[in-house]
Amino acid sequence: MTQDPGGSIAKTPPEDHRPKVRRGDRIFFGSARGAGTFILVMLAAVTAFLLVEGLPALTADPNEVSLLDGESFWRWVGPLVFGTLWAAALALAFAFPVAIGIALFISHYAPRRIATPLGYVVDLLAAVPSVVYGLWGGVVLAPAIQPLYTWLAENLSFIPFFAGPASGTGRTILTAALVLGVMVLPIITAVSREIFLQTPVLYEEAALALGSTRWEMIRTVVLPVGRSGIISAAMLGLGRALGETLAVAMVLSATGVISVNLISSVNPSTIAANVALSFPEAYGLNVNLLIASGLILFAITLVVNSIARWIVNRRADFSGAN
């Protein structure tokens with residue numbers, strides 16, 4: 001307050017203590033908000049497109065859609081859903097333990113002169129086009145692994161997975177899963193490696209100071225701290241395996257059935273591969289049918305990522321995504 005010459009007291013206007021927002025902050029905030037909004041808009045646009053274009057096939061008479069062969073949509077898409085989940089699960093089962101082992105070797109075992117170039121090689125594998133993996137799987141892997149399928153059918157046919165008869169070409173769901181496993185391996189490895197490198201050094205040193213071996217330190221410190229990141233890496237790999245198209249289409253000899261036989265020539269197909277193979281010759285309601293199957297794949301991916309997010313949130317103390 002101040003006193004004027006006439007003796008009255010005048011109030012001093014309050015000072016504005018709010019921090020001054022700089023132009024760079026406003027630009028960055030607007031750009032970040034715009035990017036987040038753009039992602040939501042694109043997701044909504046894709047969802048709307050799949051719903052609008054796929055709905056005619058869901059409500060149409062099965063006899064009017066040649067790809068259905070008189071069956072209902074759900075009976076037609078059921079084997080495709082099974083094949084998609086089956087191939088992705090097999091690929092993840094093959095790739096996940098190997099990827100974790102490679103990531104641990106790079107982050108905690110290998111000397112720096114070996115770990116650095118090995119990390120670069122793993123990152124480069126993620127950039128190899130899927131058509132290259134498809135060619136390798138169909139031309140090299142399938143013929144090379146076919147004698148193993150014959151041996152499995154002759155000696156382990158009592159196990160449903162190897163009931164046979166063995167495929168003569170080696171183009172089976174197991175071969176496709178192996179190719180998918182190789183494709184998702186660098187993704188899981190790269191993410192897991194960075195997660196393991198973020199483990200607090202004090203935690204590791206405390207475990208070693210208490211007498212733990214290096215493996216005990218990894219088992220009791222590194223893996224628990226990085227659990228949420230490991231799950232995220234696995235889900236990224238699973239998402240790649242669920243949506244892979246060209247490599248599966250080039251390797252798999254599919255017949256559209258539900259079967260757990262891994263070495264037979266009768267194999268389930270996947271949604272993505274079926275769309276890739278059928279779309280060039282599709283017309284009319286057949287196009288809507290393929291888009292509707294894409295809607296099912298979109299829903300599967302959304303459910304898988306939601307489950308992964310729920311698992312990660314349970315480990316919020318160690319999650320960097322919160």
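The values are calculated or read from the model by the stated rules, or taken from the named source; none is laboratory data. Computed from a predicted structure; not experimentally measured. Methodologically, a virtual Cβ is constructed for each residue, glycine included, from the backbone with ideal geometry; neighbour enumeration extends over all protein chains shown.
A few notes on this one:
- Yes/no for Ala115 being touching a helix residue (DSSP H, G or I) at 6+ places or on another chain (Cβ under 6 Å), buried (at least 19 other Cβ atoms within 10 Å of the Cβ) and assigned to a helix (DSSP H, G or I): no
- Check on Ser253, within 19 Å of Val81 (Cα to Cα), in contact (Cβ under 8 Å) with a residue 40 or more places away in the chain and hydroxyl-bearing (Ser, Thr, Tyr): yes
- Residue that is surrounded by the most Cβ atoms within 10 Å (Cβ to Cβ) [pool: residues in segment 282-303 that are at pLDDT 85 or above and of a type in the set (Ser, Thr, Tyr)]: Ser293
- When every residue of segment 169-176 is checked against the conditions, at least one turns out to be touching a residue at least 12 places away in the same chain (Cβ under 8 Å) and of a type in the set (D, E, K, R).
- Going through (1) of a type in the set (A, V, I, L, M, F, W, C); (2) part of a helix (DSSP H, G or I); (3) buried (at least 21 other Cβ atoms within 10 Å of the Cβ) one by one, Leu262 falls short only on (2).
- Test result for Gly237, at pLDDT 85 or above, farther than 26 Å from Ala142 by Cα, among the small types (Gly, Ala, Ser) and touching a helix residue (DSSP H, G or I) at 6+ places or on another chain (Cβ under 7 Å): no
- Some residue of segment 278-297 being closer than 16 Å to Arg171 by Cβ, in contact (Cβ under 8 Å) with a residue 24 or more places away in the chain and within 20 Å of the chain's Cα centre (by Cα): no
- Condition met for Phe279 (surrounded by 15 or more Cβ atoms within 10 Å (Cβ to Cβ) and at pLDDT below 85): no
- Applying the criterion of being closer than 19 Å to Glu205 by Cβ and surrounded by 15 or more Cβ atoms within 10 Å (Cβ to Cβ) to the residues of segment 99-112, the residue that is nearest to the chain's Cα centre (by Cα) is Leu104.
- Residue list for segment 148-176, restricted to those being surrounded by fewer than 22 Cβ atoms within 10 Å (Cβ to Cβ), under 21 Å from Ala89 (Cβ atoms) and of a type in the set (Val, Ile, Thr): Ile159
- Test: residue in segment 133-143 that is surrounded by fewer than 19 Cβ atoms within 10 Å (Cβ to Cβ), within 21 Å of Leu246 (Cα to Cα) and either in contact with a Phe, Trp or Tyr (Cβ under 9 Å, 6 or more places away or on another chain) or not aliphatic (A, V, I, L, M) (or both): yes
- Taken as a whole, the structure places Glu53 among residues that are in contact (Cβ under 8 Å) with a residue 40 or more places away in the chain, under 22 Å from Ala276 (Cα atoms) and not aromatic (Phe, Trp, Tyr).
- Residue list for segment 19-63, filter: over 26 Å from Gly294 (Cα atoms), among the charged types (D, E, K, R) and in a helix (DSSP H, G or I): Arg23, Asp25, Arg26, Arg33
- Qualifying residues in segment 201-238 (those that are among the hydroxyl-bearing types (Ser, Thr, Tyr) and touching a residue at least 24 places away in the same chain (Cβ under 8 Å)) - the one farthest from Ala127 (Cα to Cα): Ser228
- Lone qualifier among Gly256, Gly211 - being modelled with pLDDT of 85 or more, part of a loop (DSSP other than H, G, I, E, B), among the small types (Gly, Ala, Ser) and surrounded by fewer than 17 Cβ atoms within 10 Å (Cβ to Cβ): Gly211
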